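Working notes, structure below.
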């Protein structure tokens, strides 16, 4: 961006529908990913620890900008994490710093996206659609981590081993969840499917329908 006013214009919350908000999310996300990968050298230089505390903004034109928090947008609009430049030279190295910025960028993207959604007063179904659309994409941290691991074979091997363990556990959890939901949904006395979240299905031992099961019956 060439001027502060141009940047401010990009921060005005204008999207009005789920598709529009999701497109803006993707564009801001693309800008941040570009800063942390393709443009990393320039991004690193702009995060000078000697400057005042700065933020990384992903912009809806798929670009990025490192700057102070904006002061001419609605005060309730969430700011990215402040001070990414101050911790740049942390003794734990560039990889740690990159992950730090990526994680906080993910949090900001979600906050900004659902700020827009709250302005539109979306109902549950629209919010779920927006969240599911976002969740189908890898997080900024996941993208950045893959880049980091690609440059570090030893770390990549360790991460792959850990991921294999996690995948096995996740598979068992999904199977267990699916079987339990199927068992609950197929009971003849249930008129409607049981609405059960995966985490609830994972830990529930017995289910008792409050409206159609006999008192004390469990399955």
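Every read-out reported here was derived from the displayed coordinates using simple, explicitly stated rules and does not represent laboratory data. The model shown is predicted, which means the values in this text are computed figures rather than measured ones. Cβ sites come from the backbone with ideal geometry, for glycine too, and all protein chains shown count toward neighbours.
What to note about this one:
- Per-pair calculated FRET efficiency, R0 = 35 Å: residue 152 and residue 128 via Cβ, rounded to 0.05: 0.40
- As a proxy for reagent exposure, ranking 108, 64 by other Cβ atoms within 10 Å from fewest up yields 108, 64.
- Residue 94/residue 62 FRET efficiency (R0 35 Å; Cβ-Cβ; nearest 0.05): 0.90
- The length gained by stretching the chain between residue 41 and residue 53 to full extension, at 0.36 nm per residue less their Cα-Cα distance, is 2.4 nm.
- For 114, 131, the sequence from fewest to most other C-beta atoms within 10 Å is 131, 114.
- The ratio of the alpha-carbon radius of gyration of the stretch 4-151 to the globular-protein estimate 2.2 N^0.38 Å is 1.04.
- In this simple spin-label model, placing a label point 7 Å from the Cα along the Cα-to-Cβ direction at both residue 27 and residue 119 gives a separation of 1.3 nm.
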